[in-house]
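Below is one structure; the comments refer to it alone.
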Amino acid sequence: MKNQVQLITYVDRFGGGGLADLQSLLTGPLHGVFGGVHLLPFFHAIDGADAGFDPIDHTRVDPRLGDWSDVKRLTQHVDVMADVIVNHMSSDSPQFQDFAAKGRASAYDGLFLTMDAVFPQGATEKDLLAIYRPRPGAPFTFVTLANGERRILWTTFTAKQVDIDVNHPQGRAYLLAILQRLADSGVTMIRCDAVGYAIKKPGDSCFMMAETFAFIDEFANIARGLGLEVLVEVHSYYRKQIEIAQKVDWVYDFALPPLVLHALFNGTAEPLKAWTRQRPANAITVLDTHDGIGIIDIGADATDRKNRPGLVPAAELDALVETIHANSGGQSREATGAAASNLDLYQVNCTFYDALGRDDDAYLIARAIQFFLPGVPQVYYVGLLAGENDMALLKASGVGRDINRHHYSTAEIDQQLQRPVVQALLRLIRLRNAHPAFNGSFSLGDSDTRKLVLHWQHGHHAATLQVDLAGRNGSITLRDAASAEQLSLRVAIGSTEPMAEAPIP
């Protein structure tokens, strides 16, 4: 994976077209901005129950976007990451339709996980209460098949997303076919979606267990054998993320978004510094994604709050959520929790720009912090354009996360790219991509609780970010050894004025 900023985007929501149109953006107005792109599900079909995360056919590109040759052409310009939805598939898939029609006589009977496959002797109340739930309710759906059979299906997320048995030969063959299709099309990175729920075990949480780690290790080795790097997507207690990072190529730093908000809201860097001292280096850094802003990632362990505290106290975490709601004028409250369907209990749905009250200075500081921490940064397409909450889409769909999934036309993108805050962000991205210091060693400086100093050194090349969180201002200093004269590039990231160079006194 290149040590450059990547874009996260839906193909159809960024330019309103298909893969060829996205390539035109990346080779046109955004030429040289991104080293890679994470294409959110582009499989058939992109408009199911969960915006493509419930694929009918995971090995087919949705024809409205193009085909695999379009993916191949895109990989010739940027590295491409694609999702592998490990845990489930759509109930509209041919495999499930065959199972629904024939029941136990179907060739796909063992592919879909039923309650009795995990609990052959039946489940006790204790067994069911032990299951970790990312959403309200039980992870089961009762169905009557066409032949009259009654089955209880395991459905972790929605009734339209039926869990598969990843250890069954059918499940293994299904996942291998997806990996092979992606590798054949030039994709070099995969994101394992919902993999934390892939293994079920009676009497246990059925989430990130020892058996889950063993499966992830096995699956990652298969992927690596096909030339694919593996990113694991799991929202969980922060110490669990550290553990996961030791076993995979890449892991998300999901603690970063709420910690950056906490630092800017409270004018203190202490929790962020504490995390920086222990966070994994093989991290994909994000401030926003297609999902909400994670809260569980910096909170106490839900299974043992007393002995496993979070990175911030519970009261401060509650205050952080309320500040997001206030900054967004209550819009995030309308999109979060029981206020909207397809909800996650551990996320606040809001654009990151609106979470900061549309404060350009704070937004650029947040992005600079993201880019200066170790790892490979990813920027969500809405965040790239400092996007605002899409209340019309939320109202139309009733899906909370759609508040941060705006459909941008090409004309709208061209317009948004001219905004000073977006221009400043593009300059920061190019700086992060090009400066040699970011290929060197990282250090955390300054003990002042109100200040954050992030420093990179590679030979004679250096880059330092200094942020005064209380005053919401900062600077970037660059040193180069191209000549005997040292140059400093001071960037007032608390403003949107052009960058300027000046000799060090």
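Derivation of every value follows stated rules applied to the coordinates shown; laboratory data play no part. Predicted, not measured: the structure shown is a model, and the values here were computed from it. When we count neighbours, we look across all protein chains shown, and the Cβ atoms used for this are built from the backbone with ideal geometry, even at glycine.
Excluding same-chain neighbours fewer than eight residues apart, the aspartates and glutamates reachable from Lys451 by a Cα-Cα span under 17 Å are Glu270, Asp361, Asp468.
In order along region 230-240, the Karplus-derived 3J(HN,Hα) couplings, from 6.51 cos²θ - 1.76 cosθ + 1.60 at θ = phi - 60°, round to 10, 10, 9, 9, 9, 8, 6, 3, 4, 5, 5 Hz, and Gly and Pro are given as x. Distance from the Cα centroid of region 459-474 to that of region 3-39 is 29 Å (rounded to whole angstrom).
Amide H contacts of Ala194 (H built 1.01 Å from N, in plane; Pro and chain starts excluded): Glu233 sit under 5 Å, all sequence-distant by 5 or more or on other chains.
Take every Cα pair under 8 Å in the chain that's 6+ residues apart, average their separations, divide by the length, and report that relative contact order as a whole percent. Please report the intermediate quantities before stating the final value.
Numbers: 1027 pairs, mean separation 66.3, N = 505.
Result for the chain is 13 percent.
With θ taken as phi - 60° and the Karplus curve 6.51 cos²θ - 1.76 cosθ + 1.60 applied, the whole-hertz 3J(HN,Hα) list for region 57-68 is 9, 6, 9, 10, 6, 4, x, 5, 9, x, 9, 5 Hz, x standing for glycine and proline.
Amide H to amide H distances under 5 Å link Val379 with Gln6, Leu7, Ile8, where only residues 5 or more positions off or on other chains count and H is placed in the peptide plane.
Anything over 30 Å Cα to Cα? Flag those among Lys2/Lys160; Lys201/Lys395; Lys200/Lys306; Lys2/Lys240; Lys126/Lys395, in the order listed.
As for pairs spanning more than 30 Å Cα to Cα, those are Lys2/Lys160; Lys201/Lys395; Lys126/Lys395.
Ordering Phe219, Val71, His406 by Cα displacement along the dipole of the chain toward the positive end leaves Phe219 in first place; charges were set at the Cβ atoms of Lys, Arg (+1) and Asp, Glu (-1).
Checking the a/c ratio against 1.5 first, then a/b against b/c, what shape does the Cα gyration tensor give for region 65-163? In terms of gyration-tensor shape, oblate.
Taking a straight line from the alpha carbon of Lys247, these aspartates and glutamates sit under 20 Å away, with near neighbours fewer than eight places off in the same chain left out: Asp83, Asp193, Glu211, Asp217, Glu218, Glu229, Glu233, Asp297. Using the Karplus relation 6.51 cos²θ - 1.76 cosθ + 1.60 with θ = phi - 60°, the per-residue 3J(HN,Hα) values for region 384-395 come to 4, 9, 6, x, 9, 4, 9, 6, 5, 5, 4, 5 Hz, with x marking Gly and Pro. The mean sequence separation of alpha-carbon pairs under 8 Å and at least six residues apart, normalised by the residue count of region 295-381, gives a relative contact order of 21 percent. Between the Cα long axis of helix 256-266 and the first principal axis of the chain there is an angle of about 50°, rounded to the nearest 10. Amide H contacts of Ile293 (H built 1.01 Å from N, in plane; Pro and chain starts excluded): Val348, Asn349, Cys350 sit under 5 Å, all sequence-distant by 5 or more or on other chains. Round to the nearest 0.05 the FRET efficiency obtained for Lys306 and Gln97 when R0 = 45 Å and r is the Cβ-Cβ distance. Working from the Cβ atoms, E equals 0.40.
For helix 420-434, what angle does its Cα long axis make with the longest principal axis of the chain, in degrees from 0 to 90 and rounded to 10? Tilt relative to the chain: about 90 degrees.
Toward the positive end of the charge dipole of the chain, with +1 on the Cβ of Lys and Arg and -1 on the Cβ of Asp and Glu, the farthest Cα among Pro258, Leu444, Thr59 is that of Leu444.
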